[in-house]
Each structure stands twice: as C-alpha cells, then as structure tokens.
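Read the structure below first, then the notes.
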Amino acid sequence: MDMLLNQYYLQIAVFVMVNAILGVSIYLTLSTGQLSLGNAGFMSIGAYTCAILTVKAGFPVYLAIPIGGIAASLMSIIIGFPALRLTGIYLAIATLGFGEVVRVIVLNLKITNGALGISGIPTLGTKISKMLSSFGLPQKFGGLSVQQTSTLLVLLILVLILVFLVFFCVRLNRSRVGRAFAAIKADESAAEAMGINTTYYKLLAFALGALIAGIAGGLSAHLTFFIGPKDFAYHRTVEILLYAVLGGSDLVFGPIVGALILTLLPELLRSASNYRLMIYGALLVTMMAFRPQGLISEETVRFWKSKLGRGSK
Amino acid sequence: MTNINLSIIKHKHNKDGVFVTMKKGFIKKWVTGLTIGALLLTTAGCGGGGTAPAANNDSKGEAAKIGVIAYLTGGGAAYGTAIKEGLDLAKDEINAQGKVQIELIYTDSRGEKTEAINAANKLINKDNVVGIIGPTLSGEMFAAGPIANQAGVPIMGTSTTAEGIPALGDFVFRNALPEFLAVPQAVEKAISTYDLKKVAVMYSNNNDWAVSGYKTIESTLKKNGVEIIATETFADKDTDYSAQLTKIASLKPDAVMVSSLYQEAALVLKKAREIGITVPFVGTNGFNSPELIKIAGPAADGAIVASPWFPGKADEKVQKFIADYKAKYNNKVPDQFAAQAYDALYLYASALEQAGTTTDRQKLRDAIATIKDFQGVTGKFAFDENREPVMNATVLIIKDGQFTELK
Amino acid sequence: MFWQQLVNGLTLGSTYSLVALGYTLIMGVLNIINMAHGEIFMIGAFVGLYLVTYFEVNIFVAMAGAMVTSALLGCLMETVALRPLRRKAVSHLAPLISTIGVAIFLESLALNLFGPQSQAFPTELAAVQMQLGPIRISLVQIIILGMSFGLMFVLRFWLSKTRVGKAIRTTAENIETANLLGINTNKIIFLTVALASGLGGIAGVLVGLSFNAVEPTMGLSMGLKGLAVLILGGMGNITGAMLGGLILGIAEVFTVAYGASSYRDAVAFGMIILILFIRPQGLFGKRQGGRF
C-alpha cells in the first residue's frame, strides 16, 4: 500500500486523469464524425485563460478553471460556425491551422509572456496542503505526509470530474442530442434529409469538446507549476488523437482507456524512450489497418458482456 | 431514400436498447478492470521499491545516488548528450579518487515539462536519490524545480540560464551563469570596442531561453544609449533567414545581436555573410559552442560571446579536462554544456564530502549552499545568498575558426 | 530591398510549391492527404546529404538517389499504410490518421538514425552568387526556381499527353470506372505515390542545399506549409500548387519585410483558415469536376 501511495505513482495517476479528460473531449467531437485537430489549441486557450486569471487577477482556482473552459468553448463557436460547413479532411486541416495560429499568437502576446510561459502557478496540491495545514492537520495523517494527502485529494477531485463527464456522456448518448450526433456520424446527408439541423449539432459537439479540452487545460496548468507554448504544439494534438484511435471512439470509455494505456506505457518503457514515438507511429498505422474502430467498440463490449455474463451464472 | 433513413434509425434504437441493458454489467466490468490495474501497479511498485534503500538510512560507505534529468532524446538531444558525457567523465574521476562514491541515475525528459515532472518524482520517490542534476531546459526546471523543492531534495540546473530559477525555492540551485550576468558583459565590451551606435537584434521567439537572452540584450543596449534599428524574430529549427537578414542589411547596422541556440545562430551567420553583412555579431550563450564554428565555418569569424567556459584558457585544470574528454569521446571538444555538467558533479562531490553523508538531503543542501572558492573548469565558483552562481565570464571572439579572448 | 525580398519570396515559395506538388498528386488520384509527405521529403534530403558527404557523388546523382529512395519509401507506405485501408470500408479519416502515423514513425526514425543536429551539404554551391542589378541571387536559388517550374511543366505535359498520364487522370476521376476500362488502377496508384514521393525527395535535396541545413524535424514544418499550399491552391490542382506555393512564400517574406517577423508562422495557416471560409475549393480550384 505504501508503494502505491508513492508520490511518483500518484503524480502519474494525476496525469492519467487529465489525459482521460482530454480523451473525453476528443470523443465528443468525434461523436458526430468530425475530426478536430485543434484540441491542443483549445487546451492552451483554457490553460492560459485560467493561469492568467489565477496568477495575475487573483481569481480562485475553482472559478478560473470553468472560465477557461468557457473561453475555449466560445472560441470554438467563433471558428466553428464557418469551419463546420467544411467536412472531413477540410475541417481537420482548418482546426490544425487554428491550433498553429493560437500557438503563434500565444508566443507574441505580452500577457501570455511569450515563449517564457507563465511560471509559479499555484498548484491544486499546494493549495490543498495549505488548506489542510490551516485546519491544523498534523504533518503525518494516517501514515501519510501532507503532500501525499493533498495529491490524493487532487486525484479524488479529478476522478470525480471524470466520473461526472462519463456519466454526462452516457446520458447524452441516450438523449435526443446524442441520437442526432449518432445519426450525423452514420450519414450526414441522410441525417440532414431527416430534418436534423446538422450544423447546430455539429457545432454543439465541437463546442462541448472544446469546453472539456479547455477545462483539461486549466487543470493541467494548475498541476504543473508552469505552462509554455511548447506544451500545446502539434505533437500534443497527435497524442490526444491517439487516445481515441487506440481506445476507440464508439464509446466514451474508449478514449479513456486509450489515455490510460498511453500515459502508463511510456513510464513503464522509460528505457525505450528513444523508440517511443516510433512505437506511437507504428501503433497508429497498425490500428488503422487492423482495427480502425479501436480496442473498445460496441461489439467488444457486447462480446465480453455475454461472455462474462455466462461465466458468472 | 426513406428506407435507408428508417433503417438507420432502427439500427440506432437497437444499439441504444443494448446499451440500456448492459449498463450494469458495464460497471461491474470496470470495477474488475480497475482492481486488476491497481494490483498491477502495486506489484510494479514493489518490484521497483525492493531495491531502493530507505532514505534515512545513513550509511557512509555506500555510493551517493544522484539523479540526472536530461534532454537525452528528441530535438535537443545534443545538449543532453553533452551533459551526460561531462557527468560520466566527472563520475569516473571522482569515484577513482575515492573520497566519495557516486552513482548516477539518468532519466530522459525529452525536453517536455510533464516528463520532467515524472522524472523528478521517480528519482525522488522511487530511486530515493540524494540530489538531482538537471533538467536541461529552463522551462522544464520551472516545472520540476518546485517538485524537488517540496520534497526537500537539492536540484541543480547546469544549463538553465533563464531569470528566476533559484527563486523557485531553497533547494533549487544552478551552476549555469545566468543570461543577465553574462550577456551584458559581451554587449558592453562590443559597444566599447567597436563604438556601436545603432544595432539590429534577432532572436528565436519560441525558445524561452532565447527570449530571456533577448530581453537582457535589449535592456543593456537601452542602458548604454545604443539605438535598436530593427528587431527580427525567427523560430527554433527555422532554416530560412533571408527575409530578416535582407531587411537588416538594408538598414546598415553597426552590429547585429543574436539570441538563439547554436544551430540557428550558425545558419544566421552563414546567411548574413552570404548576403554581405560583414559587421560583428554579438550572441548569447548559444554562440558559445564549437558546433557553431563547425556549422558556420569561416562565416563564424567576428562573432562575440561572453562565456564562463573557454577551451583556450591556459589553465591546467581546463586543459586536462579537454584532453580527458577528447580521449574518452572520440576526439570531441567539450562544449559548455559538458563543462558545466562536469563542474556540477564536482560541486556535488565536494558538498557530499563536506556533509559527510550520502543520503541526507537536508545536510547536502546546506553544504551546497555554503560552497565558496570552488575551482572548476569554468573558473572560480561560489553561490551567493540567493543560490545564484558567482563566477566570471570571459568575452570571446571567433577569429580564424578559433575562440580567442576579446581584448 | 523590395526586389531582393521578392526574389527571397519566390525562392522560398518555389520550395513550398515543390513540396505541394507531391501532396496534390496524391490528393488528386487517391483523394487523401498524405500527412507523411513532409517526412518523405526529409528522408530524401538526408539520403542526398549522405550520398554527397560519404560517397562524394555529384549533386545531380545525389538528387537521383534521393528520388529513388523516396519513391521506394512512398511505395512501402502505400503497401503498408494505405492499401489495407482501401480494401475495407473505413471512415475517410482513416488514411489521414494512418499517414500521421507514418509521419511520426519516420521523424522519430530519422532522429535515431541521423541525430537531432542539423547538417549541411559540403558543396560550395550556395556560395556562388550573382549580382543582377539590385538583386543578389545564388546559383542554388536559380536551380530551385528552374527546377520547380520545369517539373511543373513536365508534369502537366506528361499527365495530359502520355498514355500513363491519361490513365492517371482517369483513375483520379473515378477508380471503379477506370478499373472497368481496363486500367490496372493498383499499378497507377503505385506509380502516382512513387512519383509524388520521388518529387518530394528531390525537393528535400534542393531545400537542404538552399538553406544549408538538413535535420529530422524539417519535414514537419515543411509538410505543414505544403499542406497549407495544397488548400490555398485547391486540392489536386497542379497549377494551384505551383502558384499557391509562390503566393505563400512571397506573403511570408513580405510579412517579415514590412510587418512583424514574429507572425510569420501564422501567415500560412491564417491564409488557409481564411481561404477555407471564403473559397473552400481553393484559389484555383473548381467547385466540381475534373482534377488536374
């Protein structure tokens, strides 16, 4: 147990959670069959808005993170209106371009401090540990140091956010909106012929994805002390895309599993880090060739369900 | 047409129907999955932890474990490699001398801050190191420094020159001469030597370190009343500088000041000489590398830089270091990344010796903080009360493909 | 300065055009964006560099070598990453993702094989300068300009006049129909990918020569620029790729010359976002109908 509560593992678990939240964000955009390569851009809008609010304007973190998400979401609506007229590849390229433009703007603005980034961001962990010690909590609490307790609490908050998002997505799937998403994904022109306002629903999915990416950005800013433009470059977009490609984008659990695997794997394979990106690249190609629906699809779930169900009886 | 549409709807309803019924099984499956995952993690943890001795076990004879976070793979691997080479050489020498034994544990940060955070956490909590050297980039240090500081582990950057690094906390050190100390020296020397009135400035604007260098150049020029007639930017890994340099050439500056890594600096120099800009170039730390001369060739002549590391120094220690380094690494001349890393490990060794421990992080930190009159290959060295290095830089100029002192 | 900057813009632009030609060929025939084109271009540059450095061959031999290697690499990519997808009915995004995979693989491979440092051609070709009135131009710049325009005309002629060219155009129109007409479409696709990649290889050597730097990440930045040109000029449009590249090059250089150099990298994507909203078919594209 002591080993499991090692700060190192806790920190990795925290990153797994943030990446899983990013996985949910790409899942939402993909649920209408849109490929957005701008998630890193939205993430950076969320992260910077949030960091500037807390560091420079003194906003409390719990307010700043949702505001960051909303800022990313608003931005996505502005560029989404014209961009969503574009389909498929065009949208992917337009959002990729958007991400690049955001990066260059962040590099040039004074308030974002250019390439130097924003450092000294108060982390959730330190905030919580300060709170804990102000409550008069002793240095050791149930065998845990204050640092461990606060990281555990941060983890708990992230898990709650993720559970909420998953719950939201599962509910969404069974709502009118979710069915419209699925219809658009299956065949956009058929959906339109049926009277579904495809632009509205596509924009909605796009904005929701951006909102969650923005929140993930805000969270990550408050977990790493420092953000810079390099954190949100093209490679980050590819990583987020990989979560969905590996895990599968049929179900919300797909990208989450993808994020889990792809965050843990590099830590386990530290010695092979030279070849990590090569493995990622090969993984993308193989997945597309052999299992384009990802590891977890509705069929997999059905298969395992029937198998496990039979086994337990 | 309608038929097709209907079939889609029907299909969807079917899917959703399945979904409702399988919800319960789903949760069960996930709980099982998570449990298995947790179990796996625990076993992995035990496996890793079994070999690590407890942190407070004060045993003198054992080798002191020092963690290294370096940029070993990816775009900036050249810097991490130089650092590793410098450290390995120092480690072999220190261990052979036998006053203290040092074991180095390398982790790769790939130049990314989340990797640097994970690496720092791994070194501190899993490998139980007594101190850390690295990370390579200032941006990584801004993320990893606070982690080490919170955990009470001394961390020393050997190449992190941006402003504000030791301010991260009491356990954060650096032996890299910060830009705001080195750059003004070079700029002011150039102003007085060449009587500069108007200059152009270029810098890489997506590199935190280069931007910090640029800001220092700008403020030094303003202080000395030199006019800046153009400020042009480029990005790391850019290859085409003709537009910026054509513009600068048309303004006829007395000198050009460049803040960037050596690769970009070399290409800028080459292009500038090609289109006929012959004025002196003053650079930040990026100019201070034999690679610059290697890539730029004769175009590098006339480049000026201030550096604590000067391979041409007639110092016994420096020459021995260069000879040993050349012997070990295939006749490669050490650059400042290697030299500063080499010194950093010696700093740790002397602090460990003074503290008389190989595991006590607090004692080690206190010993490092009191280091004075340390003689390294980068000159005489001490830490001031803010844990900033106190060291001297030499202003160098490249002449006939060699760094020589600018007098 | 204006004329000199115009020449700078044209040279930069013609390298973009060369890269975009490869994109456009594959887009035209296979209707996919080959995200790995930039990396194939980079490998071509390295092959050329190593041929010149270690085998001390003539620069034109090096170019041929780079072309052949890149073409083979393109064929390998077609076999491994693209053909399996064509057999299955998968989302139109699948080839895009698959080629992103190839791109990441190749970039990382190059980093491991060649190291991260930028390397330069040992030739003194770039140093040969000419003064034409107010303009100073290097021999390499002239070669690049000449070669890109030359290649464009050859390509256009070849596509419209020769038997194979006609087969490619037929395949581009409609693969099924081309099959029915007795064209071996698999062979044609192979040929197109090889041709596009080979062009990328040549472009790699030329760009490496003119900027005197070859390094593993050059593929990404150049590839993204080529992509921008593809959209700017209109997908699958050779003239569009050519002129789009020149426009982008000039726009970038003039942003530096008369605006702020720090916004240079936003020009390409700012332009394509604009073009996508105003004229999604690109500057020179037709809304419907034949490609090329």
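The values are calculated or read from the model by the stated rules, or taken from the named source; none is laboratory data. Here the structure is a predicted model, which means the values were calculated and not measured. Here Cβ is always computed from backbone atoms with ideal geometry, including for glycine, and neighbour counts include all displayed protein chains. Please note that ligands, DNA and RNA were not included when accessible areas were found on the heavy atoms of the full protein model with its side chains. Shrake-Rupley method; radii C 1.70, N 1.55, O 1.52, S 1.80 Å.
A few notes on this one:
- So A:D250, is it assigned to a loop (DSSP other than H, G, I, E, B) and acidic (D, E): yes
- Considering (1) within 11 Å of another protein chain (Cβ to nearest Cβ); (2) more than 24 Å from B:A82 (Cα to Cα); (3) among the basic types (K, R), the lone condition that B:K294 does not fulfil carries the number (2).
- Strands (runs of 3 or more DSSP E) fully within the stretch B:328-407 that include at least 3 residues being farther than 21 Å from B:G157 by Cα: B:394-399, B:402-405.
- Pairs linking a residue in the stretch A:228-243 that is within 13 Å of chain B (Cβ to nearest Cβ) to a residue that is of a type in the set (A, V, I, L, M), with Cβ atoms under 6 Å and 6 or more positions apart or on different chains, are A:P229/A:V106; A:P229/A:L107; A:F232/A:A40; A:F232/A:M43; A:R236/A:A40.
- Taken over the stretch C:210-220, residues that are open to solvent by 10 Å² or more (accessible area, probe 1.4 Å) and out of contact with any Gly (no Cβ under 7 Å at 6 or more places or on another chain) amount to 4.
- Residue that is assigned to a helix (DSSP H, G or I), under 12 Å from the mean Cα position of the chain (by Cα) and either crowded, with 19+ Cβ neighbours inside 10 Å or not β-branched (V, I, T) (or both), where the choices are A:A205, A:A182, A:A282, A:A210: A:A210
- Exactly one residue out of C:G38, C:G28, C:G48, C:G22 is touching a residue at least 24 places away in the same chain (Cβ under 8 Å), within 14 Å of chain B (Cβ to nearest Cβ) and open to solvent by less than 20 Å² (accessible area, probe 1.4 Å), and it is C:G38.
- Note on the stretch B:58-76: among residues that are more than 14 Å from chain C (Cβ to nearest Cβ) and not in a strand (DSSP E or B), the one that is nearest to B:T136 (Cα to Cα) is B:A63.
- Meets criteria (under 22 Å from the mean Cα position of the chain (by Cα) and among the β-branched types (V, I, T)) for B:T359: no
- Subset of the stretch B:77-110 [open to solvent by less than 20 Å² (accessible area, probe 1.4 Å) and within 11 Å of chain A (Cβ to nearest Cβ)]: B:A77, B:T107, B:D108, B:S109
- For the stretch A:283-295, the count of residues that are touching a residue at least 24 places away in the same chain (Cβ under 8 Å) and more than 14 Å from chain C (Cβ to nearest Cβ) is at least one.
- Number of the condition not met by A:F303 [criteria: (1) open to solvent by less than 70 Å² (accessible area, probe 1.4 Å); (2) of a type in the set (A, V, I, L, M, F, W, C); (3) modelled with pLDDT under 90; (4) assigned to a helix (DSSP H, G or I)]: (1)
- C:Q141 vs. criteria buried (at least 20 other Cβ atoms within 10 Å of the Cβ) and farther than 20 Å from C:H37 by Cα: yes
- Filtered residues of the stretch C:221-235 (kept if open to solvent by 10 Å² or more (accessible area, probe 1.4 Å) and either out of contact with any helix residue (DSSP H, G or I) (no Cβ under 6 Å at 6 or more places or on another chain) or within 8 Å of chain B (Cβ to nearest Cβ) (or both)): C:S221, C:L224
- Just one residue in the set B:A186, B:A255, B:A190, B:A265 is open to solvent by less than 10 Å² (accessible area, probe 1.4 Å), touching a strand residue (DSSP E or B) at 6+ places or on another chain (Cβ under 9 Å), closer than 18 Å to B:L406 by Cβ and within 14 Å of chain C (Cβ to nearest Cβ); that residue is B:A265.
- Within the stretch B:307-323, residues that are over 19 Å from B:L177 (Cα atoms) have Cβ atoms under 8 Å from residues that are of a type in the set (F, W, Y) in these pairs: B:F321/B:Y342, counting only partners at least 6 apart in sequence or on another chain.
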